[in-house]
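Trainee: Supplied in structure tokens, the structure appears directly below.
The values are calculated or read from the model by the stated rules, or taken from the named source; none is laboratory data. The structure displayed is predicted, hence computed values, not measured ones. Quick reminder, even Gly has a Cβ in these numbers, built from the backbone with ideal geometry, and neighbours come from all protein chains shown.
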């Protein structure tokens, strides 16, 4: 009896070893995707089977029909194992379902419904399953092992890469390399400059994603050093017709890159929604520069954005992010970057505009409107309030002109990628320039037409002040890299502070007419002015610190 049982176990083992898994219950092979068929080896020739999909892109929760088809085998195929693998990390992802009688769903060590296999070993011409994308899925590729018979099979039968229509930072560092500013920001945030890369499972080419708040272009580059020039670059740009182009180029210095072709291999998913430009695409070429051989896969990553012209030709970038170290593009790791930040000229421009319109300009306007009686004594033949007003406003105009020259020297012309900021800035510059010129030709105080000058002068000053505050507010939004955008909020607080003091001073003008504080030793206007200046300086220092940190 004992010998009989041993013989039965031996025969059963031989049957498994010989016939494998004709019923398709091969969960044990989920990781390797290799059949347990003794010493049989996979075929090295091209597989006579193909994998097709119903969609080339997907969103989390979408379903895709996946079909394995016979494309050249005389009889078809008997067995198969189908999975969805993430690009980069190569992990199994998503879940399957099927109504095909020749297919069944398998559980793997990563969870239930992770793979599909055959139900019996009859010859089949095709099988179909439905894959459901998970929430965190990145680009995927469907991979199968297909068996023509027991000893003849092909591994690594692949579909095209399927791109996701929704970028995410969830799988950064585990399934793809990512670089972003602010750090770890989501590409779905309106202020996030983002890129990701993952090597294709072929070993040649990459899946790239890039996103940024721009109406011009976003570009990624790969360099042997941290200096621009001699770099391999990919550009996502929008032309005046609203068409989004993905271009591959090469930089030779600080000039526009040389475009080698206008399209990349594989699918392209692009969008421009709410001021955010996004491109996902697949390349089928290695990254290389003259200083690096194609065998070396480590590069510094550049991520930039900037304006483009009507034809989609890119102009000088306005934002730059560079990885702190070289990154092996064929592996997955956590990537950190250092934002180049705004240039000294840009920061200087912002600082001078803040000084001009938060201190000298604001104080000068208050002197003319509310301090005539408090500082009315003459000096050099003119009242103190007038001398102070004149000097402060001239200083304001000078600071504005210097700031204007600095920003034009930095951008070397007009930059349309910064929205309304440069337009308002130019209007402020023009109105500010003509304000003191007009004052030099003002009529005599006793002239019957003096009131026309007075109202025109006041109205122009009010328009300049409002536009200057709006311009500064928009400028702070452009350079503020903090997660809570505190600098524009401080500017909003400053505007409210100024409005409050204008209301207080208007009330004091009314009270003075009623002789409410006629006997005060120190003029109340002077007290209010001191508090006003102290508050303005506090707001100014806070914003100057923020600019310095940018």
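Trainee: Would you confirm, using the coordinates I've provided, whether residue 216 is touching a helix residue (DSSP H, G or I) at 6+ places or on another chain (Cβ under 9 Å), outside the structural domain of residue 82 (by TED's automatic domain parsing) and surrounded by 16 or more Cβ atoms within 10 Å (Cβ to Cβ)?
Mentor: yes
Matching residues to (1) part of a loop (DSSP other than H, G, I, E, B); (2) modelled with pLDDT under 90:
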| site | (1), (2) |
| --- | --- |
| 195 | no, no |
| 198 | no, yes |
| 201 | yes, yes |
| 225 | yes, yes |
| 256 | yes, yes |
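Trainee: Could you tell me which of the residues 399, 391 is surrounded by 15 or more Cβ atoms within 10 Å (Cβ to Cβ) and either assigned to a helix (DSSP H, G or I) or at pLDDT 85 or above (or both)?
Mentor: Result of the check over 399, 391: 399.
Trainee: Could you name every one of the strands (runs of 3 or more DSSP E) located completely within region 18-122 that has at least 2 residues being touching a helix residue (DSSP H, G or I) at 6+ places or on another chain (Cβ under 6 Å), at pLDDT below 90 and assigned by TED's automatic domain parsing to the domain that holds residue 329?
Mentor: Here the list is empty.
Trainee: Got a number for residues in region 411-430 being surrounded by 19 or more Cβ atoms within 10 Å (Cβ to Cβ), modelled with pLDDT under 80 and part of a helix (DSSP H, G or I)?
Mentor: 3
Trainee: Quick check on my filter: what residues within region 266-284 are outside any strand (DSSP E or B) and touching a strand residue (DSSP E or B) at 6+ places or on another chain (Cβ under 8 Å)?
Mentor: Correct list: 266, 267, 275, 283.
Trainee: Restricting the search to region 123-162, which residues are part of a strand (DSSP E or B) and over 18 Å from residue 42 (Cα atoms)?
Mentor: Listed by number, the residues that qualify are 124, 126, 127, 128, 129, 130, 131, 132, 140, 141, 142, 162.
Trainee: Could you grab me the full set of residues in region 445-454 that are under 55 Å from the mean Cα position of the chain (by Cα) and farther than 19 Å from residue 390 by Cβ?
Mentor: Within region 445-454, 451, 452 qualify.
Trainee: Looking only at residues that are in contact with a strand residue (DSSP E or B) (Cβ under 6 Å, 6 or more places away or on another chain) and not in a strand (DSSP E or B) in region 227-247, which one is nearest to residue 207 (Cα to Cα)?
Mentor: Among them, the one singled out is 231.
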